[in-house]
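In what follows, a structure is listed as structure tokens, so that the remarks can point back to it.
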There are 2 protein chains.
Amino acid sequence: MLVKVFVTPRREILDPQGRAVEQSLRSLGFDNVSGVRVGRYITLDVRASSPDEARAEARRMCEQLLANPVIEDYRFEVEGS
Amino acid sequence: MLVKVFVTPRREILDPQGRAVEQSLRSLGFDNVSGVRVGRYITLDVRASSPDEARAEARRMCEQLLANPVIEDYRFEVEGS
């Protein structure tokens, strides 16, 4: 099953990469842009016998490796049969 | 309007970050995982008078800065009124 993971810097955490991107966008003339946040988008295939099992695996992977829960939030979607 | 941008390494391009994450997942015991790809998930607010205008802006931002079209694909979603 295809798992899509979205990792974002927590709202209260400074996001220097987002600030840098925002400044670059403005210097390119996109001055109608604000609140840029840069996170990660991870896709992977999980062999699982049910969507519930894939979701449980995805949660464990996020907690253990894919996200840093101190400074990042995550959510994920499971697709496929 | 909230714009969500998903940037992924193109299918035919090697993704060393994805390979490293996959190896780390396996070493943690997740041996039912394959095809890990690591991209970016960028969210931003765009002041625009219509969703179409926001979409046009988002496309320009992706082409000019947010994605490298030589090695990356992108897609985006526009939310909000």
If you check B:VAL21, B:VAL33, which single one turns out to be open to solvent by less than 20 Å² (accessible area, probe 1.4 Å) and within 11 Å of another protein chain (Cβ to nearest Cβ)?
B:VAL33
Filter the range B:13-38 for residues that are charged (D, E, K, R) and within 16 Å of the chain's Cα centre (by Cα); which is nearest to B:ASN68 (Cα to Cα)?
B:ASP15
So which of A:ASP73, A:ASP45, A:ASP52 ends up being more than 12 Å from chain B (Cβ to nearest Cβ), open to solvent by 60 Å² or more (accessible area, probe 1.4 Å) and among the charged types (D, E, K, R)?
A:ASP52
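Go through A:VAL33, A:VAL38 for me and flag whichever is touching a Phe, Trp or Tyr at 6+ places or on another chain (Cβ under 9 Å) and of a type in the set (A, V, I, L, M).
One residue alone meets the criteria, A:VAL38.
The values are calculated or read from the model by the stated rules, or taken from the named source; none is laboratory data. Keep in mind it's a predicted model, so treat the numbers as computed, not measured. FYI the Cβ positions are ideal-geometry reconstructions off the backbone, even for glycines, and counts take in every protein chain you see. Accessible surface is based on the protein model in full, side chains and every heavy atom, while ligands, DNA and RNA are left aside. Shrake-Rupley method; radii C 1.70, N 1.55, O 1.52, S 1.80 Å.
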